[in-house]
1. I want to confirm something. Restricting to segment 59-88 and keeping residues that are assigned to a helix (DSSP H, G or I) and open to solvent by 90 Å² or more (accessible area, probe 1.4 Å), which single residue is farthest from D12 (Cα to Cα)?
2. Test T91 against the criterion of being open to solvent by 30 Å² or more (accessible area, probe 1.4 Å), part of a loop (DSSP other than H, G, I, E, B) and among the polar types (S, T, N, Q), and give yes or no.
3. Only one of T56, T49, T35 is polar (S, T, N, Q), under 10 Å from the mean Cα position of the chain (by Cα) and closer than 24 Å to M1 by Cα. Can you tell me which?
4. Tally up the residues in segment 59-70 that are over 15 Å from H5 (Cβ atoms) and without any contact (Cβ under 8 Å) to a residue 40 or more places away in the chain, please.
5. What single numbered condition from (1) of a type outside the set (A, V, I, L, M); (2) modelled with pLDDT under 95; (3) open to solvent by less than 90 Å² (accessible area, probe 1.4 Å); (4) outside any helix (DSSP H, G or I) fails to hold for P45?
6. If you check every pair at least six apart or on different chains, which have Cβ atoms under 9 Å apart with a residue in segment 37-51 that is closer than 15 Å to E14 by Cβ and of a type in the set (S, T, N, Q) first and a residue that is in a strand (DSSP E or B) and open to solvent by 50 Å² or more (accessible area, probe 1.4 Å) second?
Amino acid sequence: MPVLHIEHQVADFEGWKRNAFDADPIGRVKSGVRTHTIARGVEDPNFVTIELEFNTLPEAEAMHAALRKLWMNPLAKIGSPTARIMETVETIKY
């Protein structure tokens, strides 16, 4: 399953989560996101990673393109985001 892995710095995690992520300006569900995972740095809680899981590669690619467009907006206020599409090859729960 394709996963869009995103990393970036935010000014304030709680504010970013509430006003940016939860506001969902791109529409994750309508874009095909099946699940999402958010993690933040232990030493730097404003460093965020997000994983968006999709059923298909074209859905992941379309979301990647939409995010790049969103990040060009100076109001986005996130530091140097990076994103890449990964393929899950194994998941084991212990």
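1. Filtering segment 59-88 for residues that are assigned to a helix (DSSP H, G or I) and open to solvent by 90 Å² or more (accessible area, probe 1.4 Å), the one farthest from D12 (Cα to Cα) comes out as E61.
2. yes
3. On the way: T56 fails: under 10 Å from the mean Cα position of the chain (by Cα); T35 fails: under 10 Å from the mean Cα position of the chain (by Cα).
Answer to the selection: T49.
4. So the count comes out to 3.
5. Unmet for P45, out of (1) of a type outside the set (A, V, I, L, M); (2) modelled with pLDDT under 95; (3) open to solvent by less than 90 Å² (accessible area, probe 1.4 Å); (4) outside any helix (DSSP H, G or I): (2).
6. N46/Q9; N46/R40
The values are calculated or read from the model by the stated rules, or taken from the named source; none is laboratory data. Please read these numbers as outputs of a predicted model, since none were measured by experiment. Glycine gets a Cβ as well: all are built from the backbone with ideal geometry, and neighbour counts include every protein chain shown. Heavy atoms of the whole protein, side chains included, go into the accessibility calculation; ligands, DNA and RNA do not. Shrake-Rupley method; radii C 1.70, N 1.55, O 1.52, S 1.80 Å.
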